[in-house]
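First up is the structure itself, then whatever we jot down about it.
The values are calculated or read from the model by the stated rules, or taken from the named source; none is laboratory data. If you're wondering where the values come from, they're calculated on a predicted model, not measured in any experiment. Neighbour counts run over all protein chains shown; Cβ positions are idealised from the backbone, glycine included.
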Amino acid sequence: MVTLPIRRAGFTLPELLAVLAIIAILAGAAVPSMGTLVAGQRARAATSDVYTALVQARNEAVKRNTEVTLQPTTSSHWEAGWTIPNPTDSGHPIANHPAVRGGTISGPASVVYLANGRVKGDTPPQFDIAITNASSHRCVQVDLSGRPAMKATGC
């Protein structure tokens, strides 16, 4: 009677080490570009958050038929967060936004919307958003009619 050798399924140690080496090389090449990608997404998110706050403040001004202000939580440091105070109840703000980490947002001292939805004043507000490691700045501009617009470039 002839016995056949038993074949065992699985990988040998050299095969496993070769695959791990290839994965390590690919991961090492991908990590720097992932950091830039994440920073770009954070810049887009911060831009969208500023845009949304401006739209909300404008809508509240029209809805309440009174002036509504969007302002930073600390004087002129928009990256520390912002708030929309309630014009009729100072203890309960309309909205609060937390700080934006790893970036700077430069903008006006505040944005005041009139009851008709227009911006108070004669200078259109704009916000320049820069996030660490992002490839470029982003911008949110408000025209005097009160409508905000986002740009993929700096102001």
Taking T69 and the conditions (1) of a type outside the set (A, V, I, L, M); (2) in contact with a helix residue (DSSP H, G or I) (Cβ under 8 Å, 6 or more places away or on another chain); (3) surrounded by 11 or more Cβ atoms within 10 Å (Cβ to Cβ); (4) not in a strand (DSSP E or B), which numbered condition does it fall short on, given that it satisfies the others? (4)
Please identify the pairs in which a residue from region 9-25 that is part of a loop (DSSP other than H, G, I, E, B) has its Cβ atom under 9 Å from the Cβ atom of a residue that is aliphatic (A, V, I, L, M) and at pLDDT 90 or above, counting only partners at least 6 apart or on another chain. F11/V19
From the option list S33, S48, single residue qualifying as within 17 Å of M150 (Cβ to Cβ), part of a helix (DSSP H, G or I) and among the hydroxyl-bearing types (S, T, Y) is S48
Take the residues of region 84-95 that are surrounded by 12 or more Cβ atoms within 10 Å (Cβ to Cβ) and β-branched (V, I, T): which is nearest to the chain's Cα centre (by Cα)? I84
Would you be able to tell me the number of residues in region 105-144 that are more than 15 Å from the chain's Cα centre (by Cα), of a type in the set (S, T, Y) and within 14 Å of E79 (Cβ to Cβ)? 0
Hits in region 125-146 - residues which are of a type outside the set (A, V, I, L, M, F, W, C) and surrounded by 15 or more Cβ atoms within 10 Å (Cβ to Cβ): P125, Q126, D128, N133, H137, R138, Q141, G146
Condition met for L13 (out of contact with any strand residue (DSSP E or B) (no Cβ under 6 Å at 6 or more places or on another chain), modelled with pLDDT under 90 and either of a type in the set (D, E) or under 30 Å from E79 (Cβ atoms) (or both)): no
Considering only residues that are of a type in the set (S, T, N, Q), part of a loop (DSSP other than H, G, I, E, B) and under 29 Å from T132 (Cα atoms), which ones fall in region 84-111? S110
Out of the residues in region 1-36 meeting the condition of being among the polar types (S, T, N, Q) and over 27 Å from N133 (Cβ atoms), tell me which one is surrounded by the fewest Cβ atoms within 10 Å (Cβ to Cβ). T3
Looking at this structure, is P98 out of contact with any Asp or Glu (no Cβ under 8 Å at 6 or more places or on another chain), at pLDDT 90 or above, surrounded by fewer than 18 Cβ atoms within 10 Å (Cβ to Cβ) and over 24 Å from G146 (Cβ atoms)? yes
